[in-house]
Amino acid sequence: MAVKPKKTNEKPVIAKVAFDLDSFLESQNINSEPKDKELSWVPLSKAWHDALKLPGFPRGYLSLVRGYSNTGKSTAFYEAIAGCQKIGDLAVVIETEGNWNTEHAKQVGVKFKEVVNEETGEITEKPDGFILIRNKDLYNMYKNYNHQDSKMMTKPTRGEPVIEDVSLFISEMLQKQEDGIVTNNMCFLWDSIGTLNCYKSACSNTSNNMWNAGAMGCFQAIVNFKIPSSRSMDSEYTNTMICVQKIWLDNMNGTVVKHKGGEFMFFNSRIIVHIGGILTHGTKKLTAVALGQDFQFGTEAKIRCEKNHVTGIERNGTIASTPHGYVNPSELDAYKKEKRQFIHDALNVSYDEEISFQEVEGRLEGDDIRE
């Protein structure tokens, strides 16, 4: 009778090999020591720097400008376009608010070029070194696109541009850059979040806020991979995204700031600048008086860096938004003197007409609650 081997709990001895971390990382194509480019900025005006001690918007990041209506948010939008032109970045402007103003843009410093029609001799102005996309452009490009199945159809799938169109357009522009068709750094500027329905809302002829907010997830790869990865030293180009967003107060759950169009960009932005107050607009109207009537020519507002995951500096101050861009409130007298002819022309009065300036009191104090 064969003798059964005795059972034992001992495990066979296996020779251990030292773990070579460097070899493992190399075999997995993992760069454990990523190197980013030196921090650079899309420059804004001196007044922006005076108030926040920030040169402008950081390149290679997502930034957000938020606040109530008529607090001066769009001035940052125009200044950023002009800033891109100064440093040679291609500003890709997506204007879905419906408030684009070419004259205001030119006064702030955005450059346009004259184009002559050889047949008629008519002279028109075109964007100089930037792309302007508006609602009609988005709709014409993507009206046949089915975002549910991610394919182009032969006829329109809805009757309006949608949130997903913006994401698709940005993705296609980034792909054109990768393919060598676009050979510039790009800065995508969107004014503003919350102005479009999502594809599902548009197809159902409704405007469902929950659907619209949920659809913002279509930007996930753009803001968390495609934009930030361009900061890497091995990336040929540096791309940036700047968004404008209105706010509202949720008084049902305390006094909580909510963002029109959802919270997606708020949570994913690396720099957030809040213009105006929280409980109120937090602004003062800057007015000129001529012929016995008041004319508003600007707005003074509080401004603060609400979030800064780039340099860590969060500062607040005040800033004046004028037809020519931001002005330090302490330098308004010099601005009025310099632009007196412009103000006379805007008010349609002769230069000899007496004009006085005043500030209409607003709520610049007491709005310092946080979410």
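The values are calculated or read from the model by the stated rules, or taken from the named source; none is laboratory data. Predicted model only: the values in this text are computed from it and were never measured. As a convention, Cβ positions derive from the backbone with ideal geometry for all residues, glycine included, and neighbour counts pool all protein chains shown. Side chains included, ligands, DNA and RNA excluded: accessible areas come from the protein's heavy atoms. Shrake-Rupley method; radii C 1.70, N 1.55, O 1.52, S 1.80 Å.
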Of all residues in the stretch 101-151, how many are more than 19 Å from SER192 (Cα to Cα), among the hydroxyl-bearing types (Ser, Thr, Tyr), surrounded by fewer than 16 Cβ atoms within 10 Å (Cβ to Cβ) and in contact with a strand residue (DSSP E or B) (Cβ under 8 Å, 6 or more places away or on another chain)? 1
Return the residues of the stretch 37-53 that are open to solvent by 40 Å² or more (accessible area, probe 1.4 Å) and either of a type in the set (Phe, Trp, Tyr) or farther than 26 Å from GLU79 by Cα (or both); say none if nothing qualifies. TRP41
Can you say whether THR183 is more than 20 Å from the chain's Cα centre (by Cα), free of Cβ contacts under 8 Å to residues at least 24 places away in the same chain and closer than 29 Å to PRO43 by Cβ, as far as the supplied structure shows? yes
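So which residues in the stretch 9-33 are modelled with pLDDT under 70, within 37 Å of the chain's Cα centre (by Cα) and open to solvent by 100 Å² or more (accessible area, probe 1.4 Å)? Show your work before the answer.
Of the stretch 9-33, the ones modelled with pLDDT under 70 are 9-17, 32-33.
Add one more test, that the residue is within 37 Å of the chain's Cα centre (by Cα), and what stays is 32-33.
Listed by number, the list holds a single entry, GLU33.
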Taking helices (runs of 4 or more DSSP H) that fall entirely within the stretch 38-126, which contain at least 2 residues that are of a type in the set (Ser, Thr, Tyr)? 73-87
Residue by residue through the stretch 169-211, note down the ones that are out of contact with any helix residue (DSSP H, G or I) (no Cβ under 6 Å at 6 or more places or on another chain), in a helix (DSSP H, G or I) and not acidic (Asp, Glu). PHE169, SER171, MET173, GLN175, LYS176, GLN177, ALA202, CYS203, ASN209, MET210
Name, by its number, the condition in (1) in a helix (DSSP H, G or I); (2) within 22 Å of the chain's Cα centre (by Cα) that does not hold for ASN140. (2)
Yes or no: the stretch 270-286 includes at least one residue that is among the basic types (Lys, Arg), outside any strand (DSSP E or B) and touching a residue at least 60 places away in the same chain (Cβ under 8 Å). yes
Of all residues in the stretch 142-184, which are more than 18 Å from PHE225 (Cβ to Cβ), of a type in the set (A, V, I, L, M, F, W, C) and out of contact with any Cys (no Cβ under 8 Å at 6 or more places or on another chain)? MET152, MET153, ILE181, VAL182
Suppose we keep only residues that are of a type outside the set (Lys, Arg) and surrounded by 23 or more Cβ atoms within 10 Å (Cβ to Cβ) within the stretch 62-71. Which one would you say is farthest from LYS307 (Cα to Cα)? THR71
Let me spell it out: the conditions are (1) of a type in the set (Gly, Ala, Ser); (2) surrounded by fewer than 19 Cβ atoms within 10 Å (Cβ to Cβ); (3) touching a residue at least 60 places away in the same chain (Cβ under 8 Å), and GLY159 meets all of them except one. Which number is the exception? (3)
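Output the residues belonging to the stretch 237-294 that are at pLDDT below 85 and among the charged types (D, E, K, R).
Correct list: ASP250, ASP294.
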Among the candidates ALA221, ALA215, residue that is part of a helix (DSSP H, G or I), of a type outside the set (Lys, Arg) and either open to solvent by 50 Å² or more (accessible area, probe 1.4 Å) or within 22 Å of VAL273 (Cα to Cα) (or both): ALA221
If I go through the stretch 282-301 residue by residue, how many of them are out of contact with any strand residue (DSSP E or B) (no Cβ under 6 Å at 6 or more places or on another chain) and surrounded by 22 or more Cβ atoms within 10 Å (Cβ to Cβ)? 0
Among the residues of the stretch 198-234, which ones are of a type in the set (S, T, N, Q) and touching a residue at least 60 places away in the same chain (Cβ under 8 Å)? SER230, SER232
Tally up the residues in the stretch 183-203 that are more than 25 Å from LEU64 (Cα to Cα) and either of a type in the set (Lys, Arg) or open to solvent by 20 Å² or more (accessible area, probe 1.4 Å) (or both), please. 3
Being among the acidic types (Asp, Glu), in contact with a His (Cβ under 7 Å, 6 or more places away or on another chain) and closer than 20 Å to THR206 by Cα narrows it down to one of GLU164, GLU160, so name that one. GLU164
Test of understanding: among THR240, THR206, THR255, which residue is hydroxyl-bearing (Ser, Thr, Tyr) and crowded, with 21+ Cβ neighbours inside 10 Å? THR240
